[in-house]
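K.L.:
My questions all concern the structure below.
What follows draws every value from the coordinates through simple rules; no lab data is involved. What you see is a predicted model, and the numbers here were worked out from it, not measured in a lab. Please note: Cβ atoms are built from the backbone with ideal geometry, for glycine as well, and neighbour counts cover all protein chains shown.
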Amino acid sequence: MLSVLHYSKSWRWLLPSKPPHSRPYHDYVRFSTPGGVGRIPLHSPNIVGVASSRGNRSHQADYHALAALCLDVEGLRLSIRKTLNFDWVPENSKDRVARQVVFVGLYDGHGGSTVSQFLRQELHGLFESVNKSHIPELFLWIKHQGGYFKRFTGGVLAPWIHHAEDLPPLDLEARATQAFFEVDKLLSIESQAKVCGATASVAILHSIDNPARPFFSSRKLALTVAHCGDARVLLCSTDGGFVYPMTEDHHPDTPVEATRLRRMGSALITDSFGDSRWMGALANTRAIGDLRYKPYGVTPEPEVRTKLLEGKDWAYIVMVSDGVSSILSDDEIVDLAREGPTPKAAADRILAFSQELGSEDNATVVVVPLAGWGEVRGPDKTLALREFRRQQSVGNERQRRIQISQTCPQASG
């Protein structure tokens with residue numbers, strides 16, 4: 001039997017004490033059967049595919065997490081009504097399967113791996129356990145960060161700042177926002193978190209079938225993405241294999257971030273590679289950690305988007321860190337996954353091609369199959385382009401070796 005995930009011992013001192021039996025999140029998915037309840041392990045390569053590499057870096061700062069959470073049914077119902085205009089009423093509101101969501105997190109660390117490792121170990125537990133009664137205290141801590149946050153009015157948490165106990169449960173957007181801010185608060189006593197941080201992109205999959213089905217066979221699946229940084233979460237349709245992005249990069253020169261940060265004054269610097277850096281240091285203006293930059297507008301507030309996935313209209317979700325997306329286009333990423341016989345094989349194909357084209361950064365790919373897995377119709381739109389890029393990459397590598405041998409003949413020997 002698969003064991004319940006427990007808080008990491010190395011971080012346990014940062015978190016409220018809870019007995020093991022009160023942590024109901026698991027690394028398996030429950031589903032109803034005529035004879036009872038079955039279990040499917042999330043870490044099976046046939047269920048969720050993961051491929052990761054540290055590239056030519058000295059350490060790995062990319063991490064991921066998979067977990068099945070049990071959330072408040074009223075909060076789930078309110079989320080679906082608010083974002084999808086859909087009235088979901090489970091057959092049994094106390095049924096753990098109906099309240100179950102699958103949590104898929106991708107974390108890309110920078111300046112070190114302290115924050116990304118913490119997210120891998122703890123964010124799913126915090127996402128499940130955040131309490132609306134803690135929002136007033138959290139709000140005071142956020143305001144105390146000063147600078148940019150002096151004007152912070154609470155965002156989506158605003159309704160719960162006063163008289164939190166009298167309000168409805170947290171919907172998924174508020175739950176994600178509280179969890180992301182809570183991580184910063186917990187890390188505020190960790191010196192490394194002042195100088196390093198991580199992007200965080202989380203996909204929440206909730207079957208709204210009656211009875212609930214596993215995410216890979218759901219006829220109606222609510223997908224909620226909470227995103228902070230520049231990882232990518234991409235949907236692939238079965239009709240034509242078209243890509244539907246669920247995220248946008250939070251770089252300082254993108255319109256939404258440039259508008260948000262304009263009142264902080266000009267602190268946007270272009271480095272020697274032509275990349276924009278906020279405060280001359282950060283590629284991402286939304287991140288967890290990077291605490292010394294928080295007064296200057298770096299925020300952990302996630303951008304939250306929700307989509308109702310109908311039946312077999314969607315084949316899979318692909319999540320990639322920027323070690324992949326900086327090399328491959330969204331279309332190339334989803335097309336590469338089409339030929340994988342399993343989610344793991346699909347993830348391996350994407351990672352291998354990005355490395356073939358020269359990716360040297362930490363890189364992670366997560367492939368999540370949906371009801372339309374293996375049923376993508378239409379041509380592979382980027383096949384010719386990928387072959388051209390492959391040949392070009394081989395030619396560039398051959399030219400590089402010739403130049404090295406001419407400059408330093410002994411190296412060719």
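K.L.:
Can you tell me the FRET efficiency between Leu84 and Glu375 if r is taken as the Cβ-Cβ distance and R0 is 30 Å, rounded to the nearest 0.05?
P.N.:
0.80
K.L.:
Also, quick follow-up: From the mean inverse distance of alpha carbon pairs (Kirkwood) and the Cα radius of gyration, derive Rg over Rh for segment 173-248.
P.N.:
Reported Rg/Rh (Cα atoms, Kirkwood Rh): 1.10.
K.L.:
Could you check the spin-label model distance between Arg390 and Gln192? Points 7 Å from the Cα along Cα→Cβ, value in nm.
P.N.:
3.9 nm
K.L.:
Along each principal axis of its Cα atoms, how long is segment 122-228 end to end? Whole angstroms, biggest number first, please.
P.N.:
Here the spans come out as 47, 36, 20 Å, largest first.
K.L.:
Trypsin sites (Lys or Arg not before Pro) within segment 66-158: which are DSSP loop residues with at most 10 other Cβ atoms inside 10 Å?
P.N.:
Numbers: sites: Arg77, Arg81, Lys82, Lys94, Arg96, Arg99, Arg120, Lys132, Lys143, Lys150, Arg151; in loops: Lys94, Arg96, Arg99.
Within segment 66-158, the qualifying trypsin sites (Lys or Arg not before Pro) (loop, at most 10 other Cβ atoms within 10 Å) are Lys94.
K.L.:
If you bin every alpha carbon distance in segment 59-194 into 10 Å steps from zero, what whole percent lands in each bin?
P.N.:
Values per bin, smallest distances first: 11, 36, 35, 16, 3.
K.L.:
A further question on this structure: Please report, to two decimal places, log10 I(q)/I(0) for segment 308-386 at q = 0.12, 0.20, 0.25 Å⁻¹ as given by the Debye formula with identical point scatterers on the Cα atoms and no solvent.
P.N.:
Reported log10 I(q)/I(0), two decimals: -0.32, -0.84, -1.21.
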